[in-house]
Amino acid sequence: MRKAPQARSLVQRLLCASTAVLALASAMPAPAVAADLSVAPIYKAPPAPVNTWTGSYVGISGGGAWGSAVVSNVATGVDQTPRFDLSGGIIGVTSGLNVQNGSLVLGYEGDTSVTSKSGSAFEFPPNTAFSTEVKEHWLSTFRGRIGYAQDNWLFYATAGGALANLENSVAGPTGNFSEKHWHWGFAAGGGVEVKITQDWSAKVEYLYVGLQDKSYFNPAPSVPFPSNQNVRADDHIVRVGVNYKLPWSVLDSFFKH
């Protein structure tokens, strides 16, 4: 008869212990894994592209060209014509590359253009029956550039060599004659270029081109004829252009290192 109360007492103690364990478990914080699952992932935007002039590019340009020419006698050095004006249009293709370090931009640019520049004049006595016309058909320049970059703007100076194809035509009593020659020279000027997008830019540029003297009609094609002529010409060019930066990253990666 005494064992029954002892059994009930043991059961009561087990129930009390179980209740205490459950209460302790419910008071403990949730596992860290559950907390981690409730946090939304953090999105990081890709870095913005670097606005740099470094790279290679191609483009087109066009504008106006004007200048002057004079024809002289090679033997005596005396002018056979007054200095006369040349004018016309110019349009061509451009290619080049830039390297930027801070605000300093160094580069190279070459261009080849077709021109319609021309002008004419009558010769001095005793050859007043003859008229001379000078035409410029092609012009190429190959120049270094140095510039200052500010935001999307590039202000630059440029200088280098030039090569032009000129035609000298003489009309008179003995007929019409013409010759073409290539003239070497130099080019110098400056301009402003602005980035429209990461890949496209627009520019306005001025160039002065001085061309070497070149001898024409030596020997004379007929007699009498004002032969052994020396032609000297120059150019003033104002043009606008659009350049496209090539998507090749070789230069960019090389100069970043």
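Among the residues making up segment 65-99, none is open to solvent by 70 Å² or more (accessible area, probe 1.4 Å), modelled with pLDDT under 90 and under 14 Å from S120 (Cα atoms). Taken residue by residue, segment 13-34 has at least one member that is assigned to a helix (DSSP H, G or I), at pLDDT 55 or above and of a type in the set (D, E, K, R). Screening V204, V231 for residues that are out of contact with any helix residue (DSSP H, G or I) (no Cβ under 7 Å at 6 or more places or on another chain) and either more than 19 Å from A69 (Cβ to Cβ) or modelled with pLDDT of 95 or more (or both) leaves exactly one candidate, V204. Can you pull out every residue in segment 125-146 that is within 27 Å of S201 (Cβ to Cβ), touching a residue at least 40 places away in the same chain (Cβ under 8 Å) and out of contact with any Asp or Glu (no Cβ under 8 Å at 6 or more places or on another chain)? Residue satisfying the conditions is I146 alone.
Would you check if there is a residue in segment 172-186 being touching a strand residue (DSSP E or B) at 6+ places or on another chain (Cβ under 6 Å), open to solvent by less than 30 Å² (accessible area, probe 1.4 Å) and closer than 17 Å to V240 by Cβ? Among the residues of segment 172-186, not one is touching a strand residue (DSSP E or B) at 6+ places or on another chain (Cβ under 6 Å), open to solvent by less than 30 Å² (accessible area, probe 1.4 Å) and closer than 17 Å to V240 by Cβ, which makes the answer no. Of the residues in segment 100-133, how many are surrounded by 19 or more Cβ atoms within 10 Å (Cβ to Cβ), of a type in the set (A, V, I, L, M, F, W, C) and modelled with pLDDT under 95? The number of residues fulfilling the criteria is 1.
The values are calculated or read from the model by the stated rules, or taken from the named source; none is laboratory data. Just so it is clear, the structure is predicted and the values come from calculations on it, not from any experiment. Cβ: placed from backbone, ideal geometry, glycine included. Neighbour counts: every protein chain shown. Side chains included, ligands, DNA and RNA excluded: accessible areas come from the protein's heavy atoms. Shrake-Rupley method; radii C 1.70, N 1.55, O 1.52, S 1.80 Å.
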